[in-house]
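The values are calculated or read from the model by the stated rules, or taken from the named source; none is laboratory data. Just so it is clear, the structure is predicted and the values come from calculations on it, not from any experiment. Positions of Cβ are generated from backbone atoms using ideal geometry, with glycine treated the same way; all protein chains shown enter the neighbour counts. When the accessible area is computed, the model is the full protein with side chains, heavy atoms only, and any ligands, DNA or RNA have been set aside. Shrake-Rupley method; radii C 1.70, N 1.55, O 1.52, S 1.80 Å.
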Amino acid sequence: MNTIVNILSLLGSLGLFLYGMKTMSEGLEKFAGERLRNILAAMTKNRFMGVVTGIAVTALIQSSSATTVMVVSFVNAGLMSLQQAIGVIMGANVGTTVTAWIISAIGFKVNIVALALPLLAVGIPLIFSSISKRKSVGEFIFGFAFLFMGLNYLQTSASELNIGQLVATMLADVAGGGFLTVILFVVVGALVTMLVQASAATMAITLMLFDMQIPGFGLEQAAALAMGQNIGTTITAFIASLTGNTQARRAALAHMFFNVFGVIVVLTMFYPFCNAVSWFVDNVLMAGGNNLFKLSTFHTAFNIFNTLLLIGFVKQIEQFVCKLLPSRDEQEEHGLRYISGGLLSTAELSIFQARNEVGVMAERCHKMLGMVYAALTTEKDTEFEKMLKRIEHYEQITDNMENEIANYLRQVSEGRLSSFSKNHITQMLREVDELESIGDSMYHLARTLSRKRKLEESAFTDLQMADIKRMIDLTDKALSQMYFIITEEHHDNIDLTPCYKTEEQINDLRYACREENLKAVNSGKYSYRLGTFYNDFIAECEKVGDYVINVVQAEKCAQENK
């Protein structure tokens, strides 16, 4: 019974550690989420800056998985090239070693719980703060405390289970295996990390085992586990990329290739590499008494060596993964472009994906107006029917996009969100509803033209065609302004003045056309039925202008609450 309780305690301690890591990472990401995204997007102009950025961001949020998933989402959104992503991924591998250094510096001999409890007392008022930034800081403090409490309980549970003796017994069975034992530990490290999906957790366990000074478990065995963890941690980004486009999957594959290749290279000179690390710690760091520093140094040196080795071959890595994953003919008309199921690692990143998808929906609504104009001006019935079917197809797309984006955002809203993100989701739901209405209006315009053709009504007069084209031009202008506001990054307040002016022009033209139509019908210039088609077309365009204003107002509201 005691053994079962101790095993559950061990698993619970690991769970507390993982929860602390996740909470700390999410707290920091929410505190500086927009800044982190801007840094990643802006400071990756070349591969070296990409590496530095990857190191800094990962050291800050203490999660290489969060960084790589963020990078995959940026590549998926087209905001970062594959070459830029590879540089950031290289840096993320170096940045993640900071966790091991923190654990090594504090050690397992210090009563971490005594430090964690006061931290929780500091974090409590911040957690319950109504200010989003303070709440995020409180979450970071709580996560930091939980992380080290989990680490302390993990060490206690391992001692009560006599893990050291169990590991020593297992090692006795593989003793004498030589280099094959090293390979075995690499595989074990990779499998455990794939299962836990947190290299920091498996690194903490490795450090704990190494600190126990178990017979047969020295620097070589611990280093082999650490190298395996570098392979296992790639699974998180790989899973995130499965719902992305080809470029996103290429970024995840590049991450996997980089880590696997680095392990293979270091294995060819494994023992000299370990000896060099031991000499460096003993003679340069002068920390020979702290074996944990040796493992942390190996972990850092291994990742720095891999980065220096491959940083000059970023272009070749890109070409290699492009050959392994060739482009597919992706017809963007058939569905979502950036999200196709499954949330990203954090809710904040998922919102970023949804925002890009709203931009795609706006782009498609704008494209539908061009199809309406083509249908209006074509004289061939076959061409008209072809365009009508295409508009109908796009109208179905906007319906589906509204449902899929709305369902996706509802899933995101169940996660841990800042107040800005909650407001942003509300406004995006409003935007996709209005965009779907624009899609409906475009279809109604096409249906108006179709009914006119089927009734074999005479062609619009020159004056009517001139008014219709003016209205289409103004509607096109309104849609262009809307698309710009949705898709562009606005560092200052969004100026809706041009949108309001365009909407006013649309309303004025609608009123003028209605008056002219009444006079023309009364004077017998054309039939009442032709006047009805003309008036319906103009009125539907005016509705589009109203929907556009609703969309841009929702976007402005989202940005003002940032």
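Details
- Test result for I397, at pLDDT below 90, under 21 Å from the mean Cα position of the chain (by Cα) and more than 30 Å from M24 (Cβ to Cβ): no
- Inclusion of V98 among residues that are modelled with pLDDT of 70 or more and touching a Leu at 6+ places or on another chain (Cβ under 7 Å) is not warranted.
- Cβ-Cβ under 9 Å pairs, at least 6 apart or on other chains, region 300-317 side touching a residue at least 24 places away in the same chain (Cβ under 8 Å), far side open to solvent by 60 Å² or more (accessible area, probe 1.4 Å) and among the hydroxyl-bearing types (S, T, Y): none
- The condition (being at pLDDT 80 or above and farther than 18 Å from L207 by Cβ) is satisfied by just one residue among G50, G12, G33, G27: G12.
- Checking Y500, Y483 one by one, the residue that is touching an Asp or Glu at 6+ places or on another chain (Cβ under 9 Å), in a helix (DSSP H, G or I), within 19 Å of N550 (Cβ to Cβ) and of a type in the set (F, W, Y) is Y483 and no other.
- When region 521-540 is filtered for residues that are touching a residue at least 24 places away in the same chain (Cβ under 8 Å) and either within 25 Å of K477 (Cα to Cα) or assigned to a helix (DSSP H, G or I) (or both), the ones remaining, listed by number, are R529, L530, F533, Y534, D536, F537, I538, A539, E540.
- A354 within 30 Å of R134 (Cβ to Cβ), assigned to a helix (DSSP H, G or I) and either open to solvent by less than 40 Å² (accessible area, probe 1.4 Å) or modelled with pLDDT under 90 (or both): yes
- Residues in region 229-244 that are open to solvent by less than 30 Å² (accessible area, probe 1.4 Å) and either among the polar types (S, T, N, Q) or at pLDDT 80 or above (or both): Q229, N230, G232, T233, T234, T236, S241.
- Filtered by the rule that a residue be among the polar types (S, T, N, Q) and more than 16 Å from M465 (Cα to Cα), region 518-536 gives N522, S523.
- Count of region 113-129 residues, restricted to those that are among the β-branched types (V, I, T) and at pLDDT below 80, is 1.
- E332 being at pLDDT below 85, surrounded by fewer than 18 Cβ atoms within 10 Å (Cβ to Cβ) and closer than 16 Å to Y483 by Cβ: yes
- Within the set I486, I494, the sole residue that is at pLDDT below 95 and open to solvent by 10 Å² or more (accessible area, probe 1.4 Å) turns out to be I494.
- For region 119-137, the set of residues classified as in contact with a Ser or Thr (Cβ under 7 Å, 6 or more places away or on another chain) and more than 15 Å from K22 (Cβ to Cβ) consists of S132, K135, listed by residue number.
- Extreme residue, surrounded by the fewest Cβ atoms within 10 Å (Cβ to Cβ), among residues of region 424-472 that are over 23 Å from E385 (Cα atoms) and acidic (D, E): D462
- Restricting attention to region 138-153, the residues that are open to solvent by 30 Å² or more (accessible area, probe 1.4 Å) and either of a type in the set (D, E, K, R) or over 19 Å from T99 (Cα atoms) (or both) add up to 0.
- Residue list for region 249-302, filter: over 17 Å from I102 (Cα atoms) and polar (S, T, N, Q): N259, T268, N275, S278, N283
- Against the test of being out of contact with any Ser or Thr (no Cβ under 6 Å at 6 or more places or on another chain) and within 30 Å of S130 (Cβ to Cβ), the options L445, L409, L449, L435 yield a single qualifying residue, L409.
- Total residues in region 536-562, condition over 28 Å from the mean Cα position of the chain (by Cα), open to solvent by 40 Å² or more (accessible area, probe 1.4 Å) and not basic (K, R): 3
- Answer from E404, E395 - the residue that is closer than 25 Å to T532 by Cα and either without any contact (Cβ under 8 Å) to a residue 12 or more places away in the chain or part of a helix (DSSP H, G or I) (or both): E395
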